[in-house]
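All remarks here apply to the structure that follows.
The values are calculated or read from the model by the stated rules, or taken from the named source; none is laboratory data. Not measured: the values here are computed from a predicted model. Quick reminder, even Gly has a Cβ in these numbers, built from the backbone with ideal geometry, and neighbours come from all protein chains shown. Heads up: the accessible areas ignore ligands, DNA and RNA and are worked out on the full protein's heavy atoms, side chains in. Shrake-Rupley method; radii C 1.70, N 1.55, O 1.52, S 1.80 Å.
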Amino acid sequence: SGESGAGKTESTKLLLQHIMNLCKGNSQLEQQILQVNPLLEAFGNAQTVMNDNSSRFGKYIQLRFQKNTVRGAKLSEYLLEKSRVVQQDTGERNFHIFYYMFAGLSSEEKEMYGLLDPSLYRYISGRFGTQDVAQRWKQKYQEVCNALDMVGFQDQEQVDMQAILAGVLSLGNVTFEPEERNGSVKVSEASRGWLKAAAVINVLRQLVCCVPCPPWSPSVSCCCLCADARDSIAKVAYGRVFGWIVCKINELLAENVDPEVELSEIGILDIFGFENFAVNRFEQLCINLANEQLQHFFNHHIFQMEQAAYKEEELPWETITFNNNEPILNLLLAKPLGLLSLLDEQSAFPQATDKTLVDKLNSSFKGNLHFQPGRGRVLGFSIIHYAGKVQYTAGGFLEKNRDTLPANVRGLFINSITPLLSLLFTGKSLFLLWLAGLLIFLCPRQHSLMMLMERMYSANPHFVRCIKPNSQKEPGVVDSQVVLLQLRYNGLLETIRIRRDGFSWRPSFEEFAER
């Protein structure tokens, strides 16, 4: 755990290499476990203002052992930041894979996928990079292709997957305008070419008739509805592709042993770090909630369980106090009046807006020490997290929490001319396997986090705390104030004290007697 950009993903890769080395083997499986990383990072990581290679999803890697040999592995993914596909803030980029494709595909391949100059695409904000950066992306694209081959993706599957990604980009450039004769909505004349380029998704052609426009609704409002549906399609298509990749990886890494053989397990959780940007949205609230829960889990094991054991054995011990973040979790998770419960309640009302949500939060949490109403004209609120105060912009909270796709649009996906896209929405074959293991991630994100925490509490945990040396993303620079702030809010100063004053070596009575 640690802040965004503190080195969690790099530490995870080093830890995996170390474990594979300790196995003293060089099996194909061990190499495959290490080689899936480029694939996951290309599709699940992106540049943010805090980190040039930020994980925009959480992953839990389960390594399964028989004696000292790795016999299998499984990857679970949590809360992919799908909204990044359609919107990025200043100084940020979309997922790496889009840029890798532009840099790595040949001119003939770009023509086949209908890709034009990258500066034209709204979903990547018209930003590309310097020649040096493009060369690096080209190398990364080759790594991705090698990883796809290694995992076992067929050539046609790779073509279909890149066709879907190219279609998503073209889809983002489709705009809508009112129909003069009857007040309905049509695809704008200027974006007809983009509609044709996005035809691989075979959905937009019928999108307008899929989005109901009430007769009293102004046509400009219907244009916004169509644009929202367009973005929903892009997000869900990308999310399904990512889930399919994870499923294929798990097929490759699955253990091939007798089901009755008992396997031991080491699990590694690499999850997005605490975030506080200039503009913080629904995604940051989910990320910071996950970090609040992990901090509480850390406190529970390091302070509460530890000191309870000393008390049970009647050891002389002066209680060490720590910054307990339970009140913050109650603010967020309590039922029926926690923030997320109220968010779900508002999401169920068709007439509710982001403003009615904020009004509800302000009245419900008046006087709460960890909640502050928004100030000025920006619709929002602030939460005093364990790591500091974060101001959230409430725009889009209800829509993102609902995370819905019109039912008739799903039917269009199923009938897509691209076999892979149809497969991802029929619930058959590979996707059914993925869905069985990851259904919780299609449900509200609280359930996803709850399942993750249940998994954590059933394990015997070891904590790796990553400390960010400076806020400028500079190598070899240690800002002592930045470091000290992290040591304080993570509870590491109290952890040092309990480790120093406590009992770090705990042999069993048998081990002690034998000594």
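Looking at the range 110-155, which of its residues are of a type in the set (S, T, Y) and at pLDDT 90 or above? Even if it seems obvious, please write down each step before you answer.
Here is the first cut: in the range 110-155, the residues of a type in the set (S, T, Y) are 113, 119, 121, 123, 125, 130, 141.
Scanning the range 110-155 gives Y113, S119, Y121, Y123, Y141.
E260 - would you say it is of a type in the set (D, E), open to solvent by 30 Å² or more (accessible area, probe 1.4 Å) and either in contact with a strand residue (DSSP E or B) (Cβ under 7 Å, 6 or more places away or on another chain) or touching a residue at least 40 places away in the same chain (Cβ under 8 Å) (or both)?
Numbers: of a type in the set (D, E): yes; open to solvent by 30 Å² or more (accessible area, probe 1.4 Å): yes; either in contact with a strand residue (DSSP E or B) (Cβ under 7 Å, 6 or more places away or on another chain) or touching a residue at least 40 places away in the same chain (Cβ under 8 Å) (or both): no.
For E260, the condition - of a type in the set (D, E), open to solvent by 30 Å² or more (accessible area, probe 1.4 Å) and either in contact with a strand residue (DSSP E or B) (Cβ under 7 Å, 6 or more places away or on another chain) or touching a residue at least 40 places away in the same chain (Cβ under 8 Å) (or both) - is not met.
Among the residues of the range 164-194, write down those that are under 30 Å from the mean Cα position of the chain (by Cα) and surrounded by fewer than 19 Cβ atoms within 10 Å (Cβ to Cβ).
T175
Filtering the range 389-427 down to residues that are out of contact with any Lys or Arg (no Cβ under 9 Å at 6 or more places or on another chain), modelled with pLDDT under 75 and outside any helix (DSSP H, G or I), which residue is nearest to G376 (Cα to Cα)?
T404
Report the residue count in the range 241-257 for those that are open to solvent by less than 40 Å² (accessible area, probe 1.4 Å) and in contact with a helix residue (DSSP H, G or I) (Cβ under 7 Å, 6 or more places away or on another chain).
First, pick out the residues of the range 241-257 that are open to solvent by less than 40 Å² (accessible area, probe 1.4 Å): 241-250, 253, 257.
With the extra rule that they be in contact with a helix residue (DSSP H, G or I) (Cβ under 7 Å, 6 or more places away or on another chain), the set shrinks to 241-249, 253.
Total meeting the criteria: 10.
Got a sec? Which of V36, V85, V49 is under 21 Å from the mean Cα position of the chain (by Cα), in the same structural domain as Q142 (by the TED database), open to solvent by 20 Å² or more (accessible area, probe 1.4 Å) and touching a residue at least 40 places away in the same chain (Cβ under 8 Å)?
On the way: V36 fails: open to solvent by 20 Å² or more (accessible area, probe 1.4 Å); V85 fails: open to solvent by 20 Å² or more (accessible area, probe 1.4 Å).
The conditions single out V49.
Where residues in the range 88-137 are of a type in the set (D, E) and under 24 Å from E157 (Cβ atoms), which of them is surrounded by the most Cβ atoms within 10 Å (Cβ to Cβ)?
Looking only at the range 88-137, we keep the residues that are of a type in the set (D, E), and these are 89, 92, 108-109, 111, 117, 132.
Those left that are additionally under 24 Å from E157 (Cβ atoms): 108-109, 111.
Details: E108: 7, E109: 14, E111: 11.
Taking the candidates together, the pick is E109.
Collect the residues in the range 52-70 that are modelled with pLDDT of 90 or more and open to solvent by 30 Å² or more (accessible area, probe 1.4 Å), keeping them in residue-number order.
Result: D52, N53, R64.
Going through the range 265-313 one residue at a time, which ones are in contact (Cβ under 8 Å) with a residue 12 or more places away in the chain, farther than 30 Å from G91 by Cβ and among the small types (G, A, S)?
G267
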